[in-house]
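What follows is a short report on a single structure.
The values are calculated or read from the model by the stated rules, or taken from the named source; none is laboratory data. Every value quoted in this text rests on a predicted model; they were computed, and no experiment measured them. Glycine also receives a Cβ, built like all others from the backbone with ideal geometry; neighbour counts cover every protein chain displayed. All accessible areas refer to the heavy atoms of the entire protein, side chains included, with ligands and DNA or RNA removed. Shrake-Rupley method; radii C 1.70, N 1.55, O 1.52, S 1.80 Å.
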Amino acid sequence: QFFVFCHGLLQLSQLLVSGYLKSSISTIERRYGLSSQTSGLLASFNEVGNTLLIVFISYFGSRVHRPRFIGCGAILVSLAGFLMSLPHFITGPYEYDQSIASMFSNTTDLCQPGVPGSRGNLSDAGCTPHAARENHEVLLVMFIAQALLGIGGVPIQPFGISYIDDFASERNSPLYLGILFSVTVIGPGVAFMLGSAMLRFYVDIDKIAGDDVQLTSKDPRWVGAWWLGFLVAASLVAVSAVPYFFFPREMPKEVGERDFPVVLLRNLRHPVFLLVVLAQVNLSAMVAGLATFMGKFLERQFSLTASLANMIIGAVNIPGAMVGIVVGGAILKRFQMSLRQCSAMCVLGMFLCLLLAFPLLFLGCPTQKVAGVTYSESSEFEHYALECNLQCNCPEKAYNPICGSNNIEYISPCSAGCRVVNINADNNSVLNYTNCSCISENGLAGFAKPGTCGTGCSHLFLPFVVLSCLAGILASISHTPSFMLILRSIQPEDKSFAVGIQFMLLRVLAWMPGPVLYGSAIDTTCILWEKKCDRKAACRYYDNNLFRQRYLGLQFFFEVGAF
């Protein structure tokens with residue numbers, strides 16, 4: 001029981017490292033100008049190191065000192081966590097476009113008719129060879145850290161599961177495994193809560209004084225302290241690793257020598273094993289995309305801050321899935337179900353999940369009106385709309401969204417033709433912009449507030465969260481019964497190995513391609529890219545309807561596959 005406790009703690013902190021990346025992914029995209037495809041690849045890259053080793057490690061599982069192996073893996077994971085935060089310390093402070101001349105830059109993004117057109121693109125300052133190299137270094141460090149994270153994670157699950165299953169009684173084994181699996185689900189939940197807490201702090205909290213920060217967390221340019229969580233998580237893993245070096249090897253009676261290829265084929269030809277694993281592949285692919293980009297989806301669809309989106313996922317969606325897993329395990333233990341009943345339970349859970357997930361496709365709103373991006377004035381104003389900021393000589397790449405009094409969003413104060421900025425003297429923040437030639441109200445120049453207009457979708461937010469949470473509960477009821485189908489339908493001496501093959505197939509077919517697939521689908525719905533040094537960087541605006549249909553459509557597709 002102490003081993004189960006330690007293993008739960010270690011799995012929790014290991015998942016804190018890998019889950020925390022997913023909670024801060026939209027922030028890292030913004031900070032380093034990554035597309036969702038790139039960030040999806042980054043999020044799934046830890047599976048690469050993992051996959052290469054997992055089958056061999058599981059095969060040798062019954063021949064080595066398992067606890068000690070787990071301890072060494074945990075130390076690697078901890079190292080990876082510290083590496084993930086390194087880019088923050090090797091790059092300069094975060095720069096963004098501003099309306100107030102500050103210590104960073106004296107160019108502002110207001111309409112300045114007197115200034116000639118060579119006002120320089122604000123973001124182009126970062127186009128020196130040094131800056132480009134810096135960006136490559138950041139990606140390189142993060143990809144190496146992710147690979148290490150995968151390699152370190154290899155022994156943790158298969159060895160832990162087989163160690164427990166070897167020494168627990170047949171009746172308690174499902175209970176212990178159920179506890180571990182529920183921890184595997186709490187892990188990401190805690191990670192999202194950690195993300196929610198950390199992203200409230202400004203990214204350069206260690207580099208500049210608090211008074212110099214002119215952004216609030218509601219601002220679309222806000223970048224939170226994504227690196228802090230990695231330091232916390234990595235320290236936790238290091239602590240959890242210690243007890244493993246003191247557990248006994250204590251192997252049960254040896255089973256006769258086995259041949260690697262024979263066992264592999266024997267399991268792969270087993271129809272129950274194969275079908276259950278394929279269903280789990282579909283579910284895992286869905287979860288991989290959900291976990292990686294759900295925060296980003298909520299931010300865009302319902303205009304939430306990154307911190308609040310993480311809060312919802314960590315406090316509602318993930319605990320929901322946990323409830324499902326525990327309920328599934330409890331029903332199994334209570335009714336001592338046969339294998340056929342187990343599979344019936346899985347099918348029923350998935351069917352109900354489909355019914356609840358379908359309406360989600362329709363809960364959402366179109367993108368807010370953004371002048372020149374999603375919206376151009378009606379034909380009589382069209383001539384005027386083009387003229388209104390011509391004399392401003394706007395830097396084309398400026399990004400500092402403001403919301404006009406006409407409820408149309410402008411990419412920057414300059415593109416709205418605003419000439420005056422009013423500042424709150426107390427904390428140096430922008431109150432509003434006035435004298436804006438593109439925002440006309442009753443023939444007068446209008447004004448604008450800083451920040452985005454939002455999608456006006458807040459009334460649909462609650463039904464969306466409730467439905468997605470219920471669908472998650474139903475889908476995860478099938479989790480424990482599907483595992484039991486595998487563990488009880490194969491030969492007992494193949495157990496450790498079969499779990500290894502299963503995890504490998506899940507990784508190769510779901511966890512690796514999943515986030516990349518979702519990220520690429522999300523990228524296709526982008527309507528305005530940030531440009532950095534003439535390459536596409538992060539996406540500024542998505543077509544929200546397409547984003548929702550492709551993102552949730554993909555999710556629905558995998559749920560049907562699992563069913």
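Observations, loosely collected:
- Of the candidates THR524, THR480, the single residue that is of a type in the set (Val, Ile, Thr) and over 26 Å from VAL347 (Cβ atoms) is THR524.
- Residue match in segment 504-520 (condition: surrounded by 19 or more Cβ atoms within 10 Å (Cβ to Cβ), more than 27 Å from VAL183 (Cβ to Cβ) and in contact with a strand residue (DSSP E or B) (Cβ under 7 Å, 6 or more places away or on another chain)): no
- For segment 420-451, residues that are closer than 29 Å to ALA209 by Cα and either in contact (Cβ under 8 Å) with a residue 12 or more places away in the chain or touching a Pro at 6+ places or on another chain (Cβ under 9 Å) (or both) total 15.
- When the criteria are applied in full, ARG200 meets the requirement of being in contact with a Gly (Cβ under 9 Å, 6 or more places away or on another chain) and touching a residue at least 12 places away in the same chain (Cβ under 8 Å).
- Candidates GLN368, GLN336, GLN341 - the one that is in contact with a Phe, Trp or Tyr (Cβ under 9 Å, 6 or more places away or on another chain), open to solvent by 50 Å² or more (accessible area, probe 1.4 Å) and more than 24 Å from LEU21 (Cα to Cα): GLN341
- Segment 540-551, residues that are open to solvent by less than 10 Å² (accessible area, probe 1.4 Å) and hydrophobic (A, V, I, L, M, F, W, C): PHE547
- Residues being among the charged types (D, E, K, R) and open to solvent by less than 20 Å² (accessible area, probe 1.4 Å) - total across segment 1-36: 1
- Condition met for GLY61 (in the same structural domain as SER182 (by the TED database), more than 27 Å from the chain's Cα centre (by Cα) and either open to solvent by less than 50 Å² (accessible area, probe 1.4 Å) or at pLDDT below 85 (or both)): yes
- Counted residues, segment 429-485 - those being within 30 Å of PRO271 (Cα to Cα) and either outside the structural domain of ARG334 (by the TED database) or in contact with a Phe, Trp or Tyr (Cβ under 6 Å, 6 or more places away or on another chain) (or both): 0
- Test result for GLU170, under 23 Å from LEU86 (Cβ atoms), surrounded by fewer than 21 Cβ atoms within 10 Å (Cβ to Cβ) and at pLDDT below 90: no
- Any chance GLY40 is under 30 Å from LEU139 (Cβ atoms) and in contact with a strand residue (DSSP E or B) (Cβ under 6 Å, 6 or more places away or on another chain): no
- Residue in segment 502-516 that is at pLDDT 90 or above and over 24 Å from GLU47 (Cα atoms) present: no
- Flag for PRO93 being more than 27 Å from VAL516 (Cβ to Cβ) and not in a helix (DSSP H, G or I): yes
- Restricting ILE151, ILE144, ILE205, ILE164 to those that are aliphatic (A, V, I, L, M), part of a loop (DSSP other than H, G, I, E, B) and either open to solvent by 60 Å² or more (accessible area, probe 1.4 Å) or closer than 21 Å to ASN50 by Cβ (or both) reduces the list to ILE205.
- The residues in segment 186-202 that are open to solvent by less than 10 Å² (accessible area, probe 1.4 Å) and assigned to a loop (DSSP other than H, G, I, E, B) can be counted, and the count is 1.
- ILE161 vs. criteria farther than 30 Å from PHE89 by Cβ and not aromatic (Phe, Trp, Tyr): yes
- Residues (buried (at least 22 other Cβ atoms within 10 Å of the Cβ) and part of a loop (DSSP other than H, G, I, E, B)) located in segment 222-250: TRP222, VAL223
- One residue from THR51, THR27 being more than 30 Å from PHE201 (Cβ to Cβ), of a type outside the set (Asp, Glu) and either assigned by the TED database to the domain that holds ILE164 or assigned to a helix (DSSP H, G or I) (or both): THR51
- Filter result for PHE302 (open to solvent by 60 Å² or more (accessible area, probe 1.4 Å) and modelled with pLDDT of 90 or more): no
- SER182 being open to solvent by 10 Å² or more (accessible area, probe 1.4 Å) and either of a type in the set (Gly, Ala, Ser) or at pLDDT 80 or above (or both): yes
- Segment 272-289 residues that are in the same structural domain as GLN555 (by the TED database) and free of Cβ contacts under 8 Å to residues at least 60 places away in the same chain, paired with ones that are open to solvent by 20 Å² or more (accessible area, probe 1.4 Å) and part of a helix (DSSP H, G or I) (beta carbon under 8 Å, 6 or more apart): LEU274/LEU268
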